[in-house]
1. Could you list B:324, B:671 in order of exposure, starting from the residue whose Cβ has the fewest other Cβ atoms within 10 Å?
2. Going by C-beta contacts inside 10 Å, put B:810, B:213 in order with the fewest on the left.
3. Direction-averaged shadow area of the convex hull around the Cα atoms of chain B, nm²?
4. For helix B:76-86, what angle does its Cα long axis make with the longest principal axis of chain B, in degrees from 0 to 90 and rounded to 10?
5. What nm distance separates the two modelled labels at residue B:374 and residue B:712, each placed 7 Å from Cα along Cα→Cβ?
6. As an exercise, use a Förster radius of 56 Å and the Cβ-Cβ distance of residue B:677 and residue B:768 to find the FRET efficiency, rounded to the nearest 0.05.
7. Using 7 Å Cα-to-Cβ label points, what is the residue B:760/residue B:481 separation (nm, one decimal)?
8. What is the spin-label model distance, in nm, from residue B:702 to residue B:589 if the labels are put 7 Å beyond Cα along the C-beta direction?
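Where a number appears in this text, it was derived from the coordinates with a stated rule and is not lab data. In this text, all values refer to a predicted model and were calculated from it rather than measured experimentally. We place every Cβ from the backbone using ideal geometry, glycine too, and count neighbours over all the protein chains shown.
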């Protein structure tokens, strides 16, 4: 009648939720860095530098922006997929034994 | 449609009306679906699109204008929200959860509720929001009106200054304002809903977001791929034009970070954003998708801003066309009436969406946080008599919507083309940002207090007026120009755009710096100095620990159960109407599994439940007052409700006291245990003593009795023997008397009943006499006695007889322990340090270290070592100690076990202490 230990191997919701918050904070920090004047100045090359005909500055800014959104999307959508099945309610101990 | 000829005005108006009708239809459909229980907005896409109400006409037309003047800087307004949504899981999710649990209806309600349901704070936030946002609404009206005028002149471009001298523009704005008011009233204030969800409205807003995105992207695609050969071609051509080429490099980045910060704060603090993101959120999980969908929307709507700006610069090189109208002017110049019409509709939808949501949000705030609290306070009796207040609530909200739009329209008419409108977007952002510290800190810092929030917001608002609003008036010509250039009254340090000499920023960044500095600084410092009231603490905990608490009902048990279910029902009916009240009560009954028709008294949880539903209709602060009025009867003020809530703190206080008491009890128990042990010890000693004393008494008594019997039974005893026996009897009697006297003495000393006859006593004489009286004893046991008395020992004040007894006790004690024949006893007397020291030394076996203290205790006897029998009554030394201590001295023994012992006692020389004894 003993319960196998393998039934609990699925990642817990609590842990996953915590990770989402942490990942998003990391993404925010990268975003704040990417959009900081210091970094933007690195890509400020005027009309000379272009990527596919688009000025490097514009390309960088919109590219970083899009990457940021993709990163958020990956974290959020990954989360909903991983969660999958219904969350298990905490198991009740059979009552009756007073100890 | 062909490329030539004018665009008939009926077509423009017809299309506009058709579009607005479509909007009404979508909203109506959304409401119908919601009523049928198949809500349209239960969908993360709709939710994300509704948040895109952030993009107003200011985005639709203004972004291109800003790009032409400032290059890339315009994206900061959209990067900020992107970053804020990256933090959405941390900040927005918490805001939404808090609002759901507490039935928050607006940002003013949120702030007021967080800081102890403060009317004052809610009112302040409302007033700031109305003042700060009103011009923004006029900006939308202006945008629609001027775009209408521009389109009307199709295909001529730039021939007319947008709204100049055309009465039609004003009329257009009025008509638009009226239509928007109608829409907002129809779908924003259809009924008083306890959930404050306007599903039809949200559906319409989401629809508008799609329309404006399609319109803008269509124009962008047409420009980029129709007029030019893709991005590369467009940028290459623009690079040839000096005016466009300068936009390829960053302008000074001074304002970059402040603007990102400002827009980050604005996207959660603008009343309309709070409305769609937080209040209208149907399910918390919708946020998960919106966190990336909304930033994606912002990215998409901004991709073509630069191409349109460059195309406009290339196409209209002579500055005849306002850059703000490029979106409309480019299709017109290219003879694309359909596209121009689409662009116009896009701008219209951007403006209407913003105005509708903003007016609904503001009207809710005005109603719940400004008008209702005032009515409840000033017209209390009147309100209490009204049977149905839901009509009044709706009336207030509808009037507020009309009022806001009317003021917006008048503002537009009054200021017209002036500067004030052009920069108003950022000015409004900065006003809304003043709520951010109270909002965000309030969610994470329990110590943030009501007075702190009030002071912070007030200071921020005043600085906002000074650094942004007044200068904008000056630029519009309402104030002298010198106000900006020279400062008020010529005080240069106070120039509103360079306060205290701070320069190097744009006016918005400058204002943001000072307002946030003043706001946060005041907020934090006042909060730290402040002491929160109970309700503040409760609310702070509810907000900060929203994820820890199981849900509503945490504070429910605090309320007294003194309200009946029918009373509560009547109250709810007055605000929610009969039907909704039924729903609310049924929902509660269903959820809790109780039958409310049998229940007579409402329990705390039902009261709480109804209060939260009411809060959805009239705001948290007002709902609390209303419910409290039912609970305790009429005329109950906020203060009394505070008292009810104060009970929590009382309970806390009791439990703290209880803890203290139990700690004290623990200590007392320990003390008691120690005392008990001591008592047991004493008891044991008493028993020992009693057995000793009885033993001591019995020995002489037995001998007296037996010798008396011999004398009695043997009358023929010879005289010598008879004499001997009688001597024994007398000696034993004396011993008995002595023992009894000792017991009596000790008892007297200990109970303080001893009569002391204090005189000046010469101690050396006392010692001489004592030795003399014991001389016989010493000689009998062949013990040598030495007397060492230094000269001139001063006399002391004491009872002479007691002193003699003391010395005799010590001497007899000493002789008792001296070995027979070789015993030596030395008695000394010396004076030092104001004390007389008497020592009695013997050469007996000495006293073990652990006995040195105990031997002075009464009944204690040294048994071991000598004969195994006690040598005396055990009272002698105890009596000694009693006498010495009474005379203010000290007695002790020094001994090395096996090498005799020396007893010392001191008596103070005649001094104050000695005198006091008598």
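1. Fewest-to-most ranking of B:324, B:671: B:671, B:324.
2. Exposure proxy ranking, most exposed first: B:213, B:810.
3. 67.2
4. Helix B:76-86 and the main axis of chain B meet at about 50 degrees.
5. 11.6
6. 0.75
7. Here the modelled spin labels are 11.2 nm apart.
8. Here the answer is 9.6 nm between the modelled labels.
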